[in-house]
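Notes follow once the structure below has been shown.
Throughout, read-outs are computed from the coordinates displayed, never taken from laboratory work. Not measured: the values here are computed from a predicted model. Ideal geometry is used to build each Cβ from the backbone, glycine not excepted, and the neighbour counts take in all protein chains shown.
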Amino acid sequence: MRFIVGLAISGGGPTSHTAILARTLGLPAIVAAGSALLAAPEGSQAVIDGSVGAVYLNVARADLDRAEAVVAAQAAARAALRESRHQPAETTDGHRVEIAANVANAKQAAAAIEAGAEGVGLMRTEFLFLERDTAPDEDEQYRIYREMTEVMAGRPLIIRTLDIGGDKQVPYLNLPAEENPFLGVRGARLLLTRQDLLYTQLRALYRAAKHGPIKIMFPMVTHTGEIEALRTHCARARAQVDGPVVPIGIMVEVPAVAVMADRFAPLVDFFSIGTNDLTQYTLAIDRQHPDLAAQADSLHPAVLTLIANTVRAAKASGTWVGVCGGLAGDPLGARILTGLGVDELSMSAQDVASVKAALRGESFAAMQTLAERAVAATTPEAVRAL
Ligand code: PEP
Ligand code: MG
């Protein structure tokens with residue numbers, strides 16, 4: 001990665017996992033550039049503008065100079081933001097939101113704290129299973145989660161159980177091929193059918209929880225019965241290793257859960273809203289579809305309405321609610337989500353300083369008004385125009 005300065009790919013979508021990895025690495029990236037990109041001769045120079053999603057080929061010297069000047073100005077702006085990265089995200093009228101990071105391992109967690117994150121709102125454990133030939137066993141997972149607690153040193157840490165399926169396939173698990181993997185046996189659905197995977201992970205988590213606070217989160221939950229079953233398995237795994245009680249929460253990423261959030265909230269210790277999948281399932285747009293990438297917009301008022309409903313239900317039952325999808329790391333999205341009343345925003349470490357600065361720059365009252373108008377809007381464009 002040392003020699004890669006940017007990434008432009010012909011396919012994919014802005015919340016596909018390739019894009020999420022590029023963001024974690026701080027690489028300027030554009031997705032869904034189309035097949036014309038593949039025709040560029042080898043050795044061509046290109047300018048990638050990740051902020052507007054444009055890639056320029058065959059650029060003239062003067063354009064290259066201009067691009068270099070923009071890169072330098074952006075680096076200077078980032079350095080200025082860095083100065084205030086450890087200040088809390090407290091609005092001008094004193095409302096504070098917790099800012100956390102999405103990570104895949106302890107090294108990224110340490111980097112996130114250094115970047116100003118106050119906790120980890122989402123550890124994606126499926127990355128531990130990718131790019132290898134066998135599944136990590138209980139001891140290996142225990143060591144990884146224990147290392148996480150050591151790095152976090154008592155800070156909040158939400159570890160999500162395996163979210164295999166969808167665009168994250170693990171060949172050695174020999175799972176049957178599916179026509180629509182995003183609508184298939186994914187996340188908690190897989191864990192409930194593959195209890196070998198579930199118990200290995202839960203036992204490792206409960207053993208690690210003896211070394212520092214951990215919250216366990218299940219992805220892709222759709223039915224209340226799944227929570228009841230998962231809670232029973234948690235209790236059993238905990239007893240097997242004599243682990244401590246830990247909070248158990250779910251991702252809110254299936255519209256059914258957001259719509260019925262009042263009935264799910266009393267069953268869990270916390271919610272974390274996954275806006276990437278919630279957007280894909282609400283708008284019926286594959287999050288990796290290159291032709292529909294621009295339409296897969298988490299600022300769509302339909303998505304915001306589901307988020308607002310989830311937060312309202314969470315507040316009514318005293319359930320903590322965070323957001324760990326891409327919308328949390330977008331300065332406008334973060335202001336709207338804060339205005340809706342979420343307790344925490346979890347994002348790529350790269351976004352922490354700018355989101356904190358955006359939230360410090362405005363009042364909670366103004367964000368509440370912004371959120372109300374965003375939910376009442378008709379199109380994502382109208383939301384952006386606010
Ligand atoms: C989400 O769906 O918003 C989310 C955070 O989970 P993932 O991107 O890993 O599916
Ligand atoms: Mg998801």
Q | Crossing angle, helix 195-208 versus the chain [Cα axis fit, 0-90 degrees, rounded to tens] | A | 90 degrees
Q.
Which of the three applies to segment 265-386, rounded, prolate or oblate, going by the alpha-carbon gyration tensor with a ≥ b ≥ c and a/c under 1.5 meaning rounded?
A. rounded
Q: Enter the angle in degrees (range 0 to 90, nearest 10) between the Cα long axis of helix 61-83 and the first principal axis of the Cα atoms of the chain, meaning the one along which they spread out most.
A: 40 degrees
Q | Debye equation applied to the C-alpha atoms of segment 1-112, log10 I(q)/I(0) at 0.19 Å⁻¹ | A | -1.17
Q | Estimated dipole of the chain in Debye, rounded to 20 [Cβ of Lys and Arg +1, of Asp and Glu -1, Cα centre] | A | 680 debye
Q) With each label point set 7 Å from Cα along the Cα-Cβ vector, what nm distance links ALA229 and VAL71? A) 5.1 nm
Q | Extreme residue, positive dipole direction of segment 23-177, given options VAL97, ALA75, PHE127 (C-beta unit charges) | A | ALA75
Q: Just subtract the alpha-carbon distance of LYS107 and GLU150 from 0.36 nm times their residue separation and send over the number in nm, one decimal.
A: 14.3 nm
Q | Rel. contact order, % - alpha carbon contacts under 8 angstrom, at least six apart, the chain | A | 18 percent
Q | Square roots of 5 times each gyration tensor eigenvalue, C-alpha, the chain, largest first, Å | A | 32, 25, 22
Q: Quick one: what are the phi-derived ³J(HN,Hα) couplings along segment 167-181, Karplus 6.51/-1.76/1.60 with θ = phi - 60°, whole Hz, x for glycine and proline?
A: 8, 10, 9, 10, x, 6, 7, 6, 7, x, 5, 10, 5, 10, x
Q: With a/c under 1.5 counting as rounded, go ahead and sort segment 138-288 into rounded, prolate or oblate using the C-alpha gyration tensor (a ≥ b ≥ c being the square roots of the eigenvalues; past the cut-off, prolate if a/b is larger than b/c, else oblate).
A: prolate
Q | Summed residue charge, Cβ within 13 Å of ALA188's Cβ, Lys/Arg positive, Asp/Glu negative | A | -1
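Going by average Cβ neighbours within 10 Å, how do the peptides 47-55, 129-137, 106-114 rank, with the highest at the top? Each step should come with its number before you reach the end.
Values: 47-55: 15.1, 129-137: 12.2, 106-114: 19.6.
Order by mean packing, descending: 106-114, 47-55, 129-137.
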Q) How far, in degrees from 0 to 90, does helix 138-152 lean away from the longest principal axis of the Cα atoms of the chain, to the nearest 10? A) 60 degrees
Q.
List the residues, sorted by chain then number, that are 5 or more residues from GLU178 or on another chain and whose placed amide H is less than 5 Å from its amide H.
A. none
Q | Interchain or long-range residues, amide H under 5 Å from ALA100's placed H | A | GLU118, LEU345, SER346, MET347
Q: Would you calculate a helix-derived [θ] at 222 nm for the chain, using -39,500 (n - 2.57) for each DSSP H run of n ≥ 4 and dividing by the full residue count, to the nearest 500?
A: -13000 deg cm²/dmol
